[in-house]
Amino acid sequence: MPLDTKNFPYVWMSYEEAPDHDHDEDFKALEASFERGEPFVILTDNAPAEDHEHSHEEKKRTALWLKKHKTELRTLVRAMIVVEPNSAKRMAFKPFGLAFGKLWGFPMKLASSREEAMEIADKLLSEHAGASTA
């Protein structure tokens, strides 16, 4: 899941992976985003493939990373917004989104376009900004 953090607080992620993709780089990019101490939103144009199977080692590494960064994930990441133009596919993702939220500690939202995704992201970020100034 290569991450692009250049437009923070909008962190773009891609699930299109090369066979030699280094997940540690993704974790480092998220950790760098945590170090900013500011809330952010993860956006993606492509959701994880249902048929992708992680190795036991990948699952273990991810579980340990999630445990170590539980607080940051719950307090700094407002949501992951998946852009999916197909309404049937968006509906199919809803059950996955519930499980995703429980595992990662932040909700998965669905948008039909990048424009809608940015509107959702802006709303989530402004809600936090308003809450922190109140």
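Throughout, read-outs are computed from the coordinates displayed, never taken from laboratory work. Note that this is a predicted model, so its numbers are computed, not measured.
Structure notes:
- Over 15 Å [Cα-Cα, segment 67-106], rounded percent: 46 percent
- In order along segment 80-91, the phi-based Karplus estimate (6.51 cos²θ - 1.76 cosθ + 1.60, θ = phi - 60°) of 3J(HN,Hα) comes to 10, 10, 9, 8, 9, x, 7, 5, 5, 5, 4, 4 Hz; Gly and Pro are listed as x.
- Between amide H atoms placed 1.01 Å from N, distances below 5 Å from Ile81 occur with Ile42, Leu43, Thr44, Lys109, all of them 5 or more places distant or on a separate chain.
- One decimal place: the segment Glu72-Asp122 gains 16.0 nm when fully extended, by the rule 0.36 nm per residue minus the C-alpha distance.
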